1. Computed from these coordinates, which is P(r) over Cα pairs in 10 Å bins from 0, in percent: (i) 12, 38, 30, 14, 5, 1; (ii) 9, 12, 10, 8, 8, 8, 7, 7, 6, 5, 5, 4, 4, 3, 3, 2, 1; (iii) 11, 30, 21, 13, 14, 9, 2?
2. By how many nm would the segment from Arg34 to Glu22 lengthen if fully extended, with 0.36 nm per residue of separation less the alpha-carbon distance?
3. Less than 14 Å from a label point 7 Å out along the Cα-to-Cβ axis of Ser58: which backbone N atoms in the range 102-128 qualify, by residue?
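Any read-out appearing in this document is the output of simple, stated calculations on the displayed coordinates, not a laboratory observation. Just so you know, these numbers come straight off a predicted model, no measurement behind them. Here the Cβ positions follow ideal geometry from the backbone for every residue, glycine too, while neighbour counts run over all protein chains shown.
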Amino acid sequence: MSESTDPATSRIKSDTRGRRFEFRIISCEDLLVRVIRAETCQIEIPELGVVIEPGNASEGFITNVEGVLLRIEKVLGMTKNWAIRDGDKDKIEQIEELSNRIDAVKNGEFAITLILEDETGNSAILGE
């Protein structure tokens, strides 16, 4: 990313090359690594089977790895409520398994890879 040379504006110009970041989370300390996600960024955690695609309702955010996991857990909670309402026992079991894996990651017991892919180059993993 590069700042605009016009001092009257605070807009940021996009990097047209696109960016891909991969970070291996193997310990509790890795949960503190900073994550910057632009609206155009796809997030993937292959070990959890999680892919978060950019779309019209996508929001950018600045957080850390743990914050990304908390966002995933929030969506899982909503999805589990729908599955309970629908009586979908298989879906409930899948969600509980995924939640247990996320807990293991947060306890430093299960390693994952966080991948950010952003065609605009405005996302990053800092502190690698």
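1. Computing P(r) over Cα pairs in 10 Å bins from 0, in percent and matching it to (i) 12, 38, 30, 14, 5, 1; (ii) 9, 12, 10, 8, 8, 8, 7, 7, 6, 5, 5, 4, 4, 3, 3, 2, 1; (iii) 11, 30, 21, 13, 14, 9, 2 gives (i).
2. Between Arg34 and Glu22, full extension yields an extra 3.1 nm.
3. Flagged as within label range: 115-124.
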